[in-house]
Amino acid sequence: NTKKSIDISNQLKKTEVEQKTKEQNQLHDNTVKTDIGVLEAALSMYYQNHNTYPKVGDLNQLVVDNDIRYLPAPPTGGSYGYLTAPTNCEGTKDNPCTSVSVSGQFSEQTPRGNNIFCWQSNLSDNRPQELKSLADCQPI
C-alpha cells in the first residue's frame, strides 16, 4: 500500500514537472513571437524613413532612431537572427539593404514540425511565419 502511494506521489511530481516545462516552453515561444513582431514593426518604420534597412550587425540603429526603445533578446540569451539582401549591402542611400529576415528559435518543435519563427520583409502577406529551419528564413 505504501509502495502504491509512493508511485502515485512520484507520478504526480512527474506530471507537475512536465506541466511546468510545457508552460515555460509556451512562455518562451510567445516571447519569441512577440519580439519578432516588435522587430518587424521597428524595421518597417525604419525602412519607411530611410528607404533602406539597417545593415547586418547594425540593428542598434533602430534604437538610435527611436523606432524601438531597446533591442529584444531571446529568452535563452544571445540575439535574434538578422539577415539582409542584397549581399554586402551597407544600409546607405548608395548601397541600400532592400530586404531582410528576422528569426528566432522555438523551445521545441511545433506540432507541424517547425522550429523557427521568421519574418521576411518581401513576402506578399508580410506576416511572420513558422518554418522548419533557419535556412528557410532568408531575405527574398
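The values are calculated or read from the model by the stated rules, or taken from the named source; none is laboratory data. All values reported here derive from a predicted model rather than from experimental measurement. Virtual Cβ from ideal backbone geometry, glycine too; neighbours counted across all protein chains shown. The area values use the complete protein model at the heavy-atom level, side chains included, leaving out ligands, DNA and RNA. Shrake-Rupley method; radii C 1.70, N 1.55, O 1.52, S 1.80 Å.
Distance from the alpha carbon centroid of region 78-107 to that of region 21-44 works out to 18 angstrom. Rounded to the nearest 20, the Cβ-based charge dipole of region 1-135 about its Cα centre (Lys and Arg +1, Asp and Glu -1) stands at 640 debye.
Projected label points at ALA135 and LYS33, each 7 Å from Cα along the beta carbon direction, are separated by 2.7 nanometres. Applying a DSSP loop filter and a limit of 15 other Cβ atoms within 10 Å to the trypsin sites (Lys or Arg not before Pro) in region 4-95 leaves ARG69, LYS93.
Mean-square fluctuations from a GNM of the chain, with a 10 angstrom spring cutoff on Cα atoms, peak among LEU27, LEU83, LEU43 at LEU27.
With runs of 4+ DSSP H residues as the only contributors, calculate the mean residue ellipticity of the chain at 222 nm using -39,500 (n - 2.57) per run, divided by the residue total and rounded to the nearest 500.
Result for the chain: -13500 deg cm²/dmol, rounded to the nearest 500.
When the C-alpha to C-alpha distance is required to be over 27 Å, the pairs from LYS22/LYS132; LYS93/LYS132; LYS14/LYS132; LYS33/LYS55 that qualify are LYS93/LYS132; LYS14/LYS132. Look at the alpha carbon pairs under 8 Å that are at least 6 residues apart: their mean separation over the length of the chain gives a relative contact order of 20 percent.
The order of GLU23, GLU40 by accessible area, most exposed first and with a 1.4 Å probe, is GLU23, GLU40. Under a Gaussian network description of the chain, with springs only between Cα atoms under 10 Å, the residue in THR21, THR110, THR31 that fluctuates furthest is THR21.
What does a probe at ALA73 reach in region 25-62, counting residues whose amide N is under 11 Å from the point 7 Å along Cα→Cβ? Flagged as within label range: none. A crude spin-label estimate for the pair GLU90 and THR21, with each label 7 Å from Cα along the Cβ direction, gives 5.1 nm. Would region 64-107 count as rounded, prolate or oblate if I go by the C-alpha gyration tensor, calling it rounded below 1.5 in a/c and otherwise prolate when a/b exceeds b/c, oblate otherwise? Here region 64-107 falls in the oblate category. If you run the Gaussian network model on the chain, springs between alpha carbon atoms under 10 Å, then out of VAL17, VAL64, VAL38 the most flexible one is VAL17. Calculated on the alpha-carbon coordinates, the convex hull of region 16-91 measures out at 91 cubic angstrom per residue. With semi-axes defined as the square roots of five times the eigenvalues of the C-alpha gyration tensor, the equivalent ellipsoid of region 88-140 measures 26, 11, 7 Å, largest first.
With the highest mean first, a sort of the peptides 95-103, 125-133, 113-121 on other beta-carbon atoms found within 10 angstrom per residue produces 95-103, 113-121, 125-133. Restricting the calculation to Cα atoms, region 34-140 yields a radius of gyration followed by a Dmax of 13.4, 44 Å.
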